[in-house]
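Q: The structure under discussion is supplied below as structure tokens; questions concerning it will follow.
FYI, it's all coordinate maths here, none of it is from the lab. Here the structure is a predicted model, which is why all the values come from computation and not from measurement. Neighbour counts run over all protein chains shown; Cβ positions are idealised from the backbone, glycine included.
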Amino acid sequence: MFGLRLPSVLSYTAATLVLADATHRWYGRGARLWVVVLATACPLVFVCGGILLLPDSPLLLALSLFLWWLSRHGTLTPSRFGEAVQFALLAALLTLSKYHAFLLLPSILGLSLGRADGRQAWKAPWPYLSVLIWALLTAPLWLWNLNYDWVSFLFQGGRTGAAPGLQLDGSALFLISQIGLLFPVIGLLLMAMLWPTSCRGIGNPQATSLLRWLAWPQLLVFAALAARMQVMASWLVPAWWITLPIAAAWLATKGWRSWRVRRGVLITSCVLPPLLVLAGAQMRWGVLNSFLPASQDPSSQLMHPDDLRSALRSDPKLWDLIQKADIIASHRYEIPGFLALALPDHPSGRFTTLNSDARGFAFWPSFRSDRGSRGLLIAPLEPGSLLAQREFPAPIHSVQPLGTVLVRRSGVPTVELEIASFEADPGRYPWPYGAPN
């Protein structure tokens, strides 16, 4: 598990150092120290970028490199061949990291065309060369989607129509939850930095305006989407990352002479570390199980590989079937990942997802083309929607219940897994976004 998370930790460390260097060039040495403190102390940003296995980790590194480049060139429009190549490379890294780049890139283009010197630069060939190189470097994204019916774009775009009309309370709750997850002291500071009147006197107004207008579109888009659909807490992380240098500059300008700074640092230092330690201990060992039932604890769904393996081994007959199964599947897209970690000796190609969710393991199929396959379905128990009662398209058939097992955390039951057997005729499962190779 540590080996899986180590790349994220290293990537986040590198991103923080690169952002610190960019902040130093914009705002000075004092701001450089504060941006490291904020990046380390902000729970939402640190967890999404440095602990969880999310695309936010490479995105933040690419974003830091892009901001570092801007701090040195001071322009959003390349004016020389070398600048055009560098700009295109960084824009491609952003695009290939996460689709958040499709909010950043139009913002960059708009800011470039909104300035007189930027419009003048577009009369030269270098900006167009950047666009061409960016398109070539990101070709894998377009070609893959072209081969699979544009599945990732359609999936992400389809989520915006989750509910009719607008529920403005959803936007308000989303922003309030962001402040809480950022830790209120830090969250309120970052929110305040997006308003022009809060940044007077901190130096380098041009950099401050640039950063603010790169962050604002993301805040507005996701706040608006929160009125129609569930917006993940991590989706605003890039906007807060862009805002960190402004907040660091404000703290460096105010210094310890400000009672607000001293009070905020004291509250954060005394409250945040114990909360983070407690949250980590709860996720791994369930130290709050006596006060927080598993049904009300989202972390109970994060099954540790050792706990899951112990649960599966608790029934010798089921364990024997697991070892002999051609395929291990689930209708829940996240479950095969847990199973693959808990069953490291099982061939990785045997795990897959039997549903239409584009986030599943559909591209690790194991259906034999020369003969039928026998497999197991494993998923959290859903009363009223048992595995044997679910309908699966051909080639899946003969789904039979086998029983349940309890996954325990520190001896306390947290998740009950249902297991069923099935048979698969020769052929491929009809995933709706093209047959995998």
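Q: Over the C-alpha atoms of the chain, what are the Rg and the largest Cα-to-Cα span, Dmax, in Å?
A: Calculated on Cα positions, Rg and Dmax stand at 24.8, 76 Å.
Q: How do 84-94, 138-148 rank on mean C-beta neighbours within 10 Å, highest first? Before the final figure, lay out the partial values.
A: Details: 84-94: 20.9, 138-148: 12.9.
Those peptides, ordered most packed to least, come out 84-94, 138-148.
Q: May I ask you to order 193-200, 282-289, 331-338 by the average number of other C-beta atoms within 10 Å around their residues, highest value first? Mind showing how you got there, number by number?
A: Working: 193-200: 14.4, 282-289: 16.6, 331-338: 19.6.
Averaged packing, sorted descending, gives the order 331-338, 282-289, 193-200.
Q: Which of P106, L53, L94 sits closest to the plus end of the dipole of the range 48-130, meaning its Cα is farthest towards the positive end, when Lys and Arg get +1 and Asp and Glu get -1 on the C-beta?
A: Positive-most Cα among the choices belongs to P106.
Q: So, one more: Let me know the charge dipole size of the chain about its Cα centre in debye, to the nearest 20, where only the beta-carbon of Lys, Arg (+1) and Asp, Glu (-1) is charged. Before the final figure, lay out the partial values.
A: Working: 34 positive and 22 negative charges, 361 e Å.
Dipole of the chain, to the nearest 20 debye: 1740 debye.
Q: Right, here's the next one. Which whole-number percent is the relative contact order of the chain (Cα, under 8 Å, 6+ apart)? Don't skip to the end; give the middle numbers.
A: Numbers: 618 pairs, mean separation 57.3, N = 437.
Relative CO of the chain lands at 13 percent.
Q: Let me ask something else. Is the shape of the range 23-89 rounded, prolate or oblate, going by the alpha carbon gyration tensor and its root eigenvalues a ≥ b ≥ c, with a/c under 1.5 for rounded and a/b larger than b/c for prolate?
A: On the way: a/c = 4.45, a/b = 1.45, b/c = 3.08.
In terms of gyration-tensor shape, oblate.
Q: May I ask what percent, to the nearest 5, of DSSP beta bridges between residues of the chain are antiparallel?
A: Values: 19 of 25 bridges.
Taking every DSSP beta bridge within the chain, about 75 percent pair in antiparallel fashion.
Q: For the chain, what is the mean residue ellipticity at 222 nm derived from helices alone (per DSSP H run of n ≥ 4: -39500 (n - 2.57); sum divided by total residues; nearest 500 deg cm²/dmol)?
A: Numbers: 18 runs with 246 residues, N = 437.
Helix-only estimate at 222 nm: -18000 deg cm²/dmol.
Q: Can you give the FRET efficiency for L173 and V131, using 1/(1 + (r/R0)^6), R0 = 45 Å, r = Cβ-Cβ distance, to the nearest 0.05? Don't skip to the end; give the middle numbers.
A: Values: r = 39 Å, r/R0 = 0.87.
In this case the efficiency is close to 0.70.
Q: Next up: Ordered by packing density, taken as the mean number of other Cβ atoms within 10 Å over each peptide's residues, highest first, how do 11-20, 381-390 rank? Don't jump to the answer; show the numbers that get you there.
A: Working: 11-20: 21.0, 381-390: 13.1.
The most tightly packed comes first, giving 11-20, 381-390.
Q: Lys and Arg at +1, Asp and Glu at -1: add these up for the other residues within a Cβ distance under 9 Å of A325 and post the number. Walk me through the numbers before you get to the answer.
A: Values: positive: K324, R350, R374; negative: D326.
That works out to +2.
Q: Along each of the three principal axes of the Cα atoms of the range 1-123, give the extent in whole Å, ordering the values from largest to smallest.
A: Principal extents (largest minus smallest coordinate, Cα): 52, 33, 23 Å.
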